[in-house]
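To start, the structure itself, in structure tokens.
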Ligand code: NI
């Protein structure tokens, strides 16, 4: 290759190197690296739902706040109540900083979780916890956007009002512009969650 080619190659290497260094040096780079290597898809996006007071809301109603987003259902016997309690404790850990965080509980069981059922439920966990429901299609769309898996248990497909819903259990942290920042798996301690949220403040 001629000198032009060599200059081009040198410049290219410099640019790629600087880009990599920038990514590696950034706070939260472990997550960035894992997103890059695992090809984790984008999490979050627009939604249109109804909150537990009956108000129609979209993602833009929550702009300007960090969001903690958890998907589940009020009839869940153990995992959902545990995680909502963990979320509440993490917010208490944050003290005044918690004012910048809006916790959301989005049902994966809209047929049973009406606005009034949600209103009764969310108040047991945290004063500012918002419960969100919607049509079956709206819930399917928001679950897809957040890469949340959910399905009624096969034996309960036949009908009746007593059924279990299997669902993935992640608490998502979104930034004030609605972009994904972090997620917390089941079993992550509230103190750890509070610490990881506070990194972004
Ligand atoms: Ni659950």
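Read-outs: derived from the displayed coordinates by stated rules, not from any lab. What you see is a predicted model, and the numbers here were worked out from it, not measured in a lab. Here the Cβ is made from the backbone with ideal geometry for all residues, glycine too, and neighbour counts use every protein chain on show.
Figure legend: label point modelled 7 angstrom from the Cα of residue 153 along Cα→Cβ; residues of segment 103-142 with amide N under 19 Å from it are 108-113. Look at the alpha carbon pairs under 8 Å that are at least 6 residues apart: their mean separation over the length of segment 46-115 gives a relative contact order of 41 percent. When you count the other C-beta atoms within 10 angstrom of each residue and take the mean per peptide, 96-105, 181-190 line up highest first as 96-105, 181-190. For a paramagnetic label modelled on residue 140 (point 7 Å from Cα along Cα→Cβ), amide N atoms under 14 Å away belong, within segment 81-121, to 109-111.
Calculated from the alpha-carbon coordinates, segment 68-201 shows an Rg and a Dmax of 14.7, 48 Å respectively. Starting from the Cα of residue 56, step 7 Å along the direction of its Cβ; do the same at residue 189; then give the gap between the two resulting points in nm. A separation of 4.6 nm, rounded to one decimal place. Highest mean first, the peptides 123-131, 51-59 sorted by other C-beta atoms within 10 Å per residue fall in the order 123-131, 51-59. How many percent of DSSP beta bridges within segment 43-163 run antiparallel, rounded to 5? The antiparallel fraction comes to roughly 35 percent.
For 49, 94, which order do you get if you count the other beta carbons within 10 Å of each Cβ and list the fewest first? Display every interim value, and only then the final one.
Working: 49 24, 94 19.
Lowest to highest Cβ neighbour count: 94, 49.
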